[in-house]
Amino acid sequence: MLDQSYSENNLRRLLHPADFVRYPLTNDDAWIKAKLLSTSNKVSAETINYNTFDFISKRKFDFYKCNDFDTDIVLRKLDNNIKRLYKIKQTDRTEIVKQVKTVLSDATPINIVRLDIKSFYENISKNKVLKKINNDYLLSSESKFILDKIFNNKFFKDKDGLPRGIGVSATLSEMYLRNIDKYIKRSSGVIYYARYVDDILIVSCNDGQKLIEEVEKKLTELGLELNTKKCDNLQLPAKGKALCNCVSSCVCNEGFEYLGYKFSFPLTKRNKQNKRFVSITVANSKISKIKTRLVNSFLDYSLTKNICLLDMRLKYLSGNYFIPLTKSGENLKGGIFYHYPLITDDNCLKDLTKFLRKLIFSRHGNLGAKISPSLTHHLRKYLLRYTFEGGFKKRIIHKLTPREIGEIKECWRYE
């Protein structure tokens, strides 16, 4: 039976090394024991302050982040309890992409349906989620009390949906959509189904438009709707056929974007197994984002003249990095290779390197006028060492601390 209590030992298991950077903690075992025991006692005495959140507005959405250690680690335990009781496991992005490539490689005619749920977290009914948990009798009364306090604090009490940025919101959203996931998987003609948060991909041998209408109807029952601007219905013919069934002009070579990747199908390429050739590159939207970050990095340097910070930003964008995540010292790897390990065509990376070099040698226009005076010949030569294809192929890893990563991202926070 799961121990749902907020004891010192249970909280200790959820302690992260990054906590010692983010919060005023002392890396001394006796001190940590006393601190966690104090947190545990506050939970029992119901004196935890659940109003300790910061938020920023980004892309028309509010993102929240806890700024108090006691509340943060208690929320981790609450999230852990719900995940384990309801057997909720977050889907793995890389595994989904591998599966998608395998499915799309099959030479049979298929319909690819990509859907996006509009304002996902904001439109999930907070009251329905809480009602289900209260009726299930799985979660302890102590955890239910904490959950109620969180969603009725001064930030969230007047919101109908789930707050973005809070770990427990992601867990509750998975619970909310479980029945829809099961429904789509069992639908007639569905060969493959995947959902990563609000991004849905369906591969079917039946009519794609009809499937979209069925999914839209089920989502409406839950108070959700599709973002039609981000929905695609692509029809692929059997391998070797000259024509496809695209409604207007053929878009099979253009492909579609999903989970940061772009999938396309060059009709002239074949492989020995007589399978459909699937080309995978970095999504155009992600390429544009990286280019924007490169420009902002140089603009920030032109103002601050902080060459160390510019150097770190280029390492972060063109290479790879790791940061400690768990008490055991486990590292999470990120960067150009670890974010996009499955690309099969590196032309997108060469394009990024070309763009970077244009920035380094830019002398004309508004951008060049701002950047050029602050870059010496020696500095330009130094910056040429950074290439995106090199960072990808050599898997170059730079050691960056959580604090340094925070400084790196500072000039990108309002993207």
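Observations on the structure shown:
- Of all the listed residues (Gly189, Gly208, Gly167, Gly161), the sole one being under 20 Å from the mean Cα position of the chain (by Cα) and over 18 Å from Asn127 (Cβ atoms) is Gly167.
- Filter pass, Glu404 being open to solvent by 40 Å² or more (accessible area, probe 1.4 Å), under 30 Å from Arg59 (Cβ atoms), under 29 Å from the mean Cα position of the chain (by Cα) and at pLDDT 85 or above: yes
- If you go through the stretch 352-384 and pick out every residue that is touching a helix residue (DSSP H, G or I) at 6+ places or on another chain (Cβ under 7 Å), more than 14 Å from Leu310 (Cβ to Cβ) and at pLDDT 90 or above, you end up with 4.
- Hits in the stretch 349-358 (condition: in contact (Cβ under 8 Å) with a residue 12 or more places away in the chain and either of a type in the set (Lys, Arg) or open to solvent by 20 Å² or more (accessible area, probe 1.4 Å) (or both)): Lys350, Asp351, Phe355, Arg357
- Pick from the stretch 81-133, criterion assigned to a loop (DSSP other than H, G, I, E, B) and among the β-branched types (Val, Ile, Thr), ranking: most open to solvent (accessible area, probe 1.4 Å): Thr108
- Residue count, the stretch 153-167 (criterion: free of Cβ contacts under 8 Å to residues at least 60 places away in the same chain and surrounded by fewer than 17 Cβ atoms within 10 Å (Cβ to Cβ)): 4
- One residue from Ile191, Ile200 being within 30 Å of Asp160 (Cβ to Cβ), of a type in the set (A, V, I, L, M, F, W, C) and either surrounded by fewer than 13 Cβ atoms within 10 Å (Cβ to Cβ) or in contact with an Asp or Glu (Cβ under 9 Å, 6 or more places away or on another chain) (or both): Ile200
- You will find that of Arg357, Arg385, Arg363, the residue that is assigned to a loop (DSSP other than H, G, I, E, B) and over 28 Å from Thr401 (Cβ atoms) is Arg363 and no other.
The values are calculated or read from the model by the stated rules, or taken from the named source; none is laboratory data. Since the model is a prediction, treat every value here as computed from it, not as a measurement. Note that each Cβ is placed from the backbone with ideal geometry, even for glycine, and that neighbours are counted across all protein chains shown. We work out accessible area using only protein heavy atoms, side chains counted, and drop any ligands, DNA or RNA first. Shrake-Rupley method; radii C 1.70, N 1.55, O 1.52, S 1.80 Å.
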